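Okay, structure first, notes after.
What follows draws every value from the coordinates through simple rules; no lab data is involved. Predicted model only: the values in this text are computed from it and were never measured. Virtual Cβ from ideal backbone geometry, glycine too; neighbours counted across all protein chains shown.
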Amino acid sequence: MDNVGALNLLFQAGTLLLIILLLLAMVMHINNLNKVYKLMAKLQHKESVPKDLLYKEMTVPQGMNFTALALASWIMLLVAIAFLYLLVPTYLPLSYMDLSDLASSPMGFAKFGIAVAALVAVVLLFLDKLPENYRNLKLTELYSFYSISKRMKKLIGITVVVLCLSIIISSYVGTIYPGRSPSAELLSLILMIISAGILVMPIFKEAWEARR
């Protein structure tokens, strides 16, 4: 197997790892909340308790600055994913390159990134308007359910920079299309996996500590 083939296999494995990481984090987040919900009901000798009360009792204030920075990190992660997988039609049939007017624009990449970020922001805003019973679905409230150290907050903040690098590398891949750089694609993906791992670490940490 040549180097290009090996890099392509690593990229596929990395993509699978990223998907599993995010899906597992989502499942564990729901499981973490359900465990607390059952414990709270048991302590109150009730079959169930109002979920809005549960979420209120679980809330750990993290500060507006950190909340905004963490939200920016998640938006950047989704933008980075869009840049890597949708900028060129290497892995998916639909891509930015299909939009000829946008692709030929000097500011095309910037417009694409802003459009993706705006779309993500609209979805997050919609989720944020859900009733308190569905607070577990609000990405803006994700870290309010967990105790997060200052060190972890710094790591989450650093992901913004790391994801910017991933987007820059993916942009380079877009500029050389139809040529390819499997090593650049893999590097961009690795940076995303590292960032995603940091962003979901509080969820895994809570799940691990609950098992002890």
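A compact table of results
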| quantity | calculated |
| --- | --- |
| Rounded to whole Hz, the Karplus (6.51, -1.76, 1.60) HN-Hα couplings of region 70-85, x for glycine and proline | 5, 5, 4, 5, 5, 5, 5, 4, 5, 5, 4, 4, 4, 5, 6, 9 |
| Linear extension gain, residue 3 paired with residue 114, 0.36 nm per residue minus alpha-carbon span | 36.5 nm |
| FRET efficiency estimate (nearest 0.05) - Cβ-Cβ, residue 158 to residue 16, R0 35 angstrom | 0.90 |
| Descending semi-axes in whole angstrom, ellipsoid equivalent of the chain, from the Cα gyration tensor | 37, 19, 15 |
| Label point distance in nm, residue 208-residue 27, each placed 7 Å from Cα along Cα→Cβ | 1.8 nm |
| Estimated vicinal HN-Hα couplings, Hz - region 10-24 in sequence order (Karplus 6.51, -1.76, 1.60; Gly, Pro = x) | 5, 5, 5, 5, x, 4, 4, 4, 4, 4, 4, 4, 6, 5, 5 |
| Residue-span extension gain [residue 121 to residue 68] - 0.36 nm each, minus C-alpha spacing | 17.9 nm |
| Whole-Hz couplings from phi, Karplus 6.51/-1.76/1.60, listed for region 122-130; x for Gly and Pro | 5, 4, 5, 5, 4, 4, 5, 8, 5 |
| Shape of region 115-183, Cα gyration tensor, a/c cut at 1.5 | oblate |
| Taking 209, 141 and counting other C-beta atoms within 10 Å, the order from fewest to most | 209, 141 |
